[in-house]
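Right, one structure below, let's go through it.
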């Protein structure tokens, strides 16, 4: 494989999750399926981020998420890096919406430029090497702190972040056990089938990302 092709969230209530992600504007960007019976507690070890062009777009997306039933974890605010906030979907998935811009230059729009999946790694260097051996190319790397992989034609950018640092960034305790409630999709080749990374994140053949009805 050379990129991540899809993100499938495992949810307890498929109907409610479909309604939420449709209202949030992400029905065609992620896949949903019923959660397994495997238990899960606390932080699930990952977050999804939407990057936008300006603060007004951040506010528009956060408002859409909250109106659809999300819970605020961090209110939208300026930071050293730009502007952003964090919400948690009713299914438990954590979403960060942010921009590097600190000024609005156009009317607010409920749109984003990029989706990023951040995996919280116990050992960033170990996970980095694991993904390299599975065909991914590194585009950014900051020691044991952060790694970003080449996107290719993928609709989702994949990155690694230290688990505790990621939990702090999204405003939740780092403790958590059990199922991640997320499955990553790739286009398999003759050498790559389903597999699990060092932190237990599961990869399977990518599903077709069509709206869930």
Show me the strands (runs of 3 or more DSSP E) found entirely inside the range 132-203 where at least 3 residues are surrounded by 15 or more Cβ atoms within 10 Å (Cβ to Cβ). 146-149, 156-162, 182-186
Per-region count, the range 143-157, residues out of contact with any helix residue (DSSP H, G or I) (no Cβ under 9 Å at 6 or more places or on another chain) and either modelled with pLDDT of 85 or more or at negative phi (or both): 8
Qualifying positions in the range 83-100 - touching a helix residue (DSSP H, G or I) at 6+ places or on another chain (Cβ under 8 Å) and outside any strand (DSSP E or B): 89, 90, 91
Among the residues of the range 35-51 satisfying the criterion of being touching a helix residue (DSSP H, G or I) at 6+ places or on another chain (Cβ under 8 Å) and part of a strand (DSSP E or B), which is farthest from residue 91 (Cα to Cα)? 50
Identify, from the list 8, 51, 15, the residue that is surrounded by fewer than 19 Cβ atoms within 10 Å (Cβ to Cβ) and on the phi < 0 side of the Ramachandran plot. 15
So which pairs qualify, if the first residue must be in the range 24-35 and in contact (Cβ under 8 Å) with a residue 12 or more places away in the chain and at positive phi, the second must be in a loop (DSSP other than H, G, I, E, B) and surrounded by fewer than 18 Cβ atoms within 10 Å (Cβ to Cβ), the Cβ gap must be under 8 Å, and the two must be at least 6 apart or on different chains? 25/110; 25/111
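The values are calculated or read from the model by the stated rules, or taken from the named source; none is laboratory data. Because the structure is predicted, anything quoted here is derived from the model rather than measured. All Cβ positions, even for glycine, are placed from backbone atoms using ideal geometry, and neighbour counts span all protein chains on display.
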